[in-house]
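Here's the structure, in structure tokens; my notes come after.
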Amino acid sequence: MNTTSTPSNQIPVEKLGPAGTRGELVVVAIMEHEARRDADRLHDKVPRPFKVFARLGKTVLVADSIKGDFGPEDGASYLYLPPTVVAGRVRLNGGMMEFKKNSRGEKSLVEFECTATSLQDAKSKFLEFALPFLDYEAYVANCPIFIQSIRVDDLNNQVQSIDYVSPYRASTISEHLIEVSKELAPVYAMYREAKNSHSDFYKFLCYHKIMDGLLGTLRTALNHRARKLKIELQRYRDLVPDDPEIAGPYRTHIGTPIKTFFDKVMTPQFRNAIAHFITKDGSILDLSSPETIAKHTEIMYVSEVCVRQLIASHQQLAAQLGVDNGT
């Protein structure tokens, strides 16, 4: 894995987390005569100045490298600044955000300044400030606006964080050995739809629908066919897999039935909230809220591994019938 900034470095792709998951690369600068420990600089809680840089794009950035030194020419958008304007500046509640443009005149880079106590605090303040403004501009201009990458600079401690999405790995598949099940074809279609989406909210809904089908209608139909054929199926316990990448809040569910996790966590806390603009407690769903974004990012990976476990389990059960899954 190459970082394309100068200087560059090599990072084994395995250290960047499972393919498609979001991560954060933190860089601590080595400075001459610096007496403080790296840990003290990283965990400094004193309010201090931060700068946040966000690269805009017309599409989602899919890259096999992490670039931290992006500038105006690296970004793009459907929004233009007038030819006579060098940058657009927005001030609100003590925060300041500035839009820079590329050589084509497109808004391409957002710079934000604030006082915060950590990298995450500064990023949250940027999202709270910038996303409502970008949401409104997307509506007015009737166009998508993607934040492709975010860099946060701790100016006092010379510490920097860069967001990234772990790259997908290349695979070799022998097509002549593949037999696609008619029954599972809609499942595979929805799985690919989830992987093609870069919205955690939409991706979660796809995974939820897949699990709903595999735990309900498809499993019932498979059991019915087994009874009709007088075949005693060897059952598998569908448990939340033990995976080290599962986020902390959901590790207590490892080893518990996926059906229980689906019914008690995924559906009431996430699916029902996304399905309604106003929840039962009267709160309004804000997809640009940093808390909402973080919450759905955390559950994404455990949802995916549960989906893959259920698909594998269904394939194994269907194979025992000795017939095509779609018949």
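3J(HN,Hα) along region 194-200, derived from phi through the Karplus expression 6.51 cos²θ - 1.76 cosθ + 1.60 where θ = phi - 60°, amounts to 5, 5, 6, 7, 10, 9, 4 Hz, with x in place of Gly and Pro.
Measuring r between the beta carbons of His198 and Asp243 and using R0 = 25 Å, the FRET efficiency lands at 0.70. This model, with +1 at the C-beta of Lys and Arg and -1 at the C-beta of Asp and Glu, gives the chain a dipole about its Cα centre of some 920 debye.
Fully extending the segment from Ala319 to Asn142, taken as 0.36 nm per residue of separation minus the present Cα-Cα distance, adds 58.9 nm.
Taking the accessible area of the chain, probe 1.4 Å, and keeping the other protein chains in place, the carbon and sulfur fraction comes to 54%. Placing unit charges on the Cβ atoms only, positive for Lys and Arg and negative for Asp and Glu, gives region 20-173 a dipole magnitude near 260 debye about its Cα centre.
Largest GNM mean-square fluctuation among His33, His224, His314, using the chain with Cα springs under 10 Å: His33.
Between Arg91 and Asp64, what length in nm is gained on full extension when 0.36 nm per residue of separation is reduced by their alpha carbon distance? Extra length available between Arg91 and Asp64 comes to 6.2 nm.
Normalised by the number of residues in the chain, the mean separation of alpha-carbon contacts (under 8 Å, six or more apart) gives a relative contact order of 19 percent.
I'd like to check one number: the per residue accessible area of the chain, probe 1.4 Å, reported in Å² as a whole number.
57 Å²
Using the Cβ-Cβ distance between Lys295 and Lys228 with R0 = 35 Å, the FRET efficiency computed as 1/(1 + (r/R0)^6) comes to roughly 0.20. Mean residue ellipticity, 222 nm, helices only, the chain: the sum of -39500 (n - 2.57) across DSSP H runs of n ≥ 4, divided by residue count and rounded to 500, is -10500 deg cm²/dmol. Cross-link reach is defined here as a Cα-Cα straight distance under 27 Å, omitting same-chain residues fewer than 8 places apart; for Lys58 the lysines meeting it are Lys67, Lys100, Lys101, Lys107, Lys123, Lys125, Lys195, Lys203, Lys295. Each residue was assigned an accessible area with a 1.4 Å probe, and for Lys101 the value is about 50 Å². To the nearest 10, the accessible area of Tyr191 is 40 Å² with a 1.4 Å probe.
The values are calculated or read from the model by the stated rules, or taken from the named source; none is laboratory data. On a predicted model such as this, the values are computed, not experimentally measured, just so you know. For neighbour counting, all protein chains shown are included, and Cβ atoms are generated from backbone atoms with ideal geometry for every residue, glycine included. Just so you know, the surface numbers come from the protein's heavy atoms only, side chains and all, with ligands and any DNA or RNA stripped out. Shrake-Rupley method; radii C 1.70, N 1.55, O 1.52, S 1.80 Å.
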